[in-house]
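Structure, as structure tokens:
The values are calculated or read from the model by the stated rules, or taken from the named source; none is laboratory data. Just so it is clear, the structure is predicted and the values come from calculations on it, not from any experiment. Note that each Cβ is placed from the backbone with ideal geometry, even for glycine, and that neighbours are counted across all protein chains shown. Please note that ligands, DNA and RNA were not included when accessible areas were found on the heavy atoms of the full protein model with its side chains. Shrake-Rupley method; radii C 1.70, N 1.55, O 1.52, S 1.80 Å.
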Amino acid sequence: MKLFVRRITLSEDVVEKLGRFLDTVVVGGGPAGLAAAMYATRFGLSTLVITQEVGGQLTKAVLIEDYMGFQSIQGPELAKVFEDHVRKYGVPILLDVVEDIRREDNSFVVRTRDSGDFRSATVIIAVGERRRRLGVPGEEMFNAKGVSYCAPCDAPLFRGKAVAVVGGGDAAAQAALLLTEYASKIYLIHRRDKLRAQPHYQKLLRHRKIEILWNTIVKELRGDDALREAVIEDVKTGEKRVLQIDGILVEIGAEPPAEFFKKIGLETTEDGYVKVNEAMETNIPGLYAAGDCTSAMPRGFKQIQIAAAHGAIAAYSAYNYILKLRSA
């Protein structure tokens, strides 16, 4: 069994510390993945985290309220707290993309885009979800030129400008509220006649800068060197009109990377989430899943605390699996 390292960004001393064979590889660096890594290390497992971004969706969250221990904290700040906690245990974090996971000789080969292959006894998948896109003409053309998927990242860029937010859930409400600190006008575009956001966030209805466009969808985005306008449509009447805006924030939910799960042989739900049991076990022995990408996360109630708990359970299951391997 060999740990292959090519074009690796980890230092040689870290690679040496990891050894030739890992107990577990955690794929994903959000709350579930970081919690899994911390607990796996506490259980004495040699652990590596591979993630595209440390913190996951936390880095794009506007405000986190009532996470245990924090009455209120910015998403990126909480992500840094999580990262610091994990690094306290010396867990190496590799920034890379996992392209494939294969079971070979009672272990796993985790293939990355830039850092070669890693071999481990177990794998914990905690990749979360990816932002849904509008799928309309002009969206890709004006990506980063007025089209944004991260309110905390880009809200300051719209100071004194007119901006639209698409969505009706908590994330859309939070984005609209954040934009009131910068933008001169905010249009909240929602395809239904009432918001899905928690009552706590629906105070935005009373803000003087916010105008809610009910029963409305975006059909096209237009501009020149940057976004200038959105073509919107009333879903009840079919009437179209042009909205003059300088930016648009897309907050219409997220979805799991279902095609990746199918590629590696994981059983999923009809909507693409990894099927797991109460121990976070998947249909593949030794491969666990945790957090928002799983069937165990309650729909409509995706919470950081639940994702972190999933990560802890997955690490515990991996630990027990390895104990059985060692005693066999």
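For the options 48, 34, 213, a Gaussian network treatment of the chain with springs between C-alpha atoms closer than 10 Å singles out 213 as fluctuating the most. Among the GluC sites (Glu not before Pro) in the range 227-321, those located in a DSSP loop and surrounded by at most 13 other Cβ atoms within 10 Å of their own Cβ are 239, 267, 270, 278. Cross-link pairs exceeding 21 Å between alpha carbons, from the set 145/240; 60/145; 60/88: 145/240; 60/88. Going by the alpha-carbon gyration tensor, a ≥ b ≥ c the square roots of its eigenvalues, is the range 20-69 rounded (a/c under 1.5) or, if a/c is not under 1.5, prolate (a/b greater than b/c) versus oblate? Oblate.
Distances between placed amide hydrogens fall under 5 Å for residue 289 paired with 125, 282, all partners being 5 or more residues away or on another chain.
As a rough guide to protection, the peptides 85-93, 107-115, 304-312, 158-166 ranked by mean Cβ packing within 10 Å, highest first, stand as 304-312, 158-166, 107-115, 85-93.
Annotation: lysines with alpha-carbon distance below 16 angstrom to residue 263 (same-chain offsets under eight excluded): 275. Once the C-beta distance of residue 299 and residue 327 is scaled by a Förster radius of 45 Å, the resulting FRET efficiency is 0.70 to the nearest 0.05. For residue 216, nonlocal amide neighbours, meaning residues 5 or more places apart or on other chains whose placed amide H falls under 5 Å from its own, are 190, 191, 192, 235.
Straight-line cross-link reach from residue 185 at under 17 Å between alpha-carbon atoms covers these aspartates and glutamates, not counting any fewer than eight positions away in the same chain: 154, 211, 229, 246.
Normalised by the number of residues in the range 218-328, the average gap of Cα pairs under 8 Å and 6 or more apart makes the relative contact order 14 percent. Determine the shape class of the chain: with a ≥ b ≥ c the square roots of the Cα gyration tensor eigenvalues, call it rounded for a/c under 1.5, and otherwise prolate if a/b is greater than b/c, oblate otherwise. Here the chain falls in the prolate category.
Beta bridges assigned by DSSP with both partners in the chain are antiparallel in approximately 50 percent of cases. Centroid-to-centroid, using Cα positions, the range 24-89 and the range 265-279 are 22 Å apart. Remark: the range 162-290 carries 48 Å² of accessible area per residue (probe radius 1.4 Å; ligands, DNA and RNA excluded). Restricting the trypsin sites (Lys or Arg not before Pro) of the range 193-246 to loop positions (DSSP other than H, G, I, E, B) with no more than 12 neighbouring Cβ atoms within 10 Å leaves 194, 208, 236.
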